[in-house]
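Structure, as structure tokens:
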Amino acid sequence: MSNRTKFILSALAASLIAPLAAHAHHSFAAEFDSTKVVHLEGKVVKFDWVNPHSWLYVDVTKADGTLDHWKIEGGAPSALLRKGWNRNSLPTGTKVVVNAFQARDGANRASARDITFPDGRKLDLASSYQSQQGKKDEPAPQPAK
């Protein structure tokens, strides 16, 4: 195979992969709406400590007794570590109040603004909204054990 053919194939492969990489990591405004603030009160189902964003899963009981399952984006583990978090900061069953920005498509998916515990402590989830706003990394208090 000639060098020219290798170059053309490499360029073609790069052009096919680049959009996937761009889609994998998005800006806040591409996925969430800063005018759609949601106030969610529920229990933690799961906390995924993954890159490029952590994900908090919360079950919210509606007035009629049915459950809404919410997926809430937080920052990357490295950003959370700088704020005093660890992978065990939100154990299953923890009651939380989450203020967040809902997905543009109206799905039960949001980007966290803050999380409040029943004792009144607030934690910052280092979400993409806060990164976009230029919010400084400030240590968060540790949740109760």
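The values are calculated or read from the model by the stated rules, or taken from the named source; none is laboratory data. This is a predicted model, so every value here is computed, not measured. Note: ideal-geometry Cβ built from the backbone for every residue, glycine included; neighbour counts use all protein chains shown.
Matching residues to (1) surrounded by fewer than 17 Cβ atoms within 10 Å (Cβ to Cβ); (2) modelled with pLDDT of 95 or more:
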site	(1), (2)
43	yes, yes
58	no, yes
64	yes, yes
72	no, yes
79	no, no
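Go through the stretch 95-106 residue by residue and tally those that are surrounded by fewer than 18 Cβ atoms within 10 Å (Cβ to Cβ) and more than 14 Å from the chain's Cα centre (by Cα). Don't jump to the end; show me each part of the working.
Taking the stretch 95-106 first, the residues surrounded by fewer than 18 Cβ atoms within 10 Å (Cβ to Cβ) are 95, 97, 99, 104-106.
When the remaining residues are screened for being more than 14 Å from the chain's Cα centre (by Cα), the result is 95, 97, 104-106.
Going through the stretch 95-106 one residue at a time, the tally reaches 5.
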- Item | Qualifying residues in the stretch 31-57 (those that are assigned to a strand (DSSP E or B) and among the aromatic types (Phe, Trp, Tyr)) - the one nearest to the chain's Cα centre (by Cα) | 55
- Task: Specify the residue that is nearest to residue 39 (Cα to Cα); the eligible residues are those in the stretch 75-128 that are in a loop (DSSP other than H, G, I, E, B), of a type in the set (Lys, Arg) and without any contact (Cβ under 8 Å) to a residue 60 or more places away in the chain.
- Result: 121
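For the condition among the small types (Gly, Ala, Ser) and at pLDDT 90 or above, what is the one hit in 100, 30, 24? Step through it out loud before you land on a result.
Numbers: 30 fails: at pLDDT 90 or above; 24 fails: at pLDDT 90 or above.
Just a single option satisfies the conditions, and that option is 100.
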- For residues that are surrounded by 15 or more Cβ atoms within 10 Å (Cβ to Cβ) and of a type in the set (A, V, I, L, M), tally how many sit in the stretch 45-56. 2
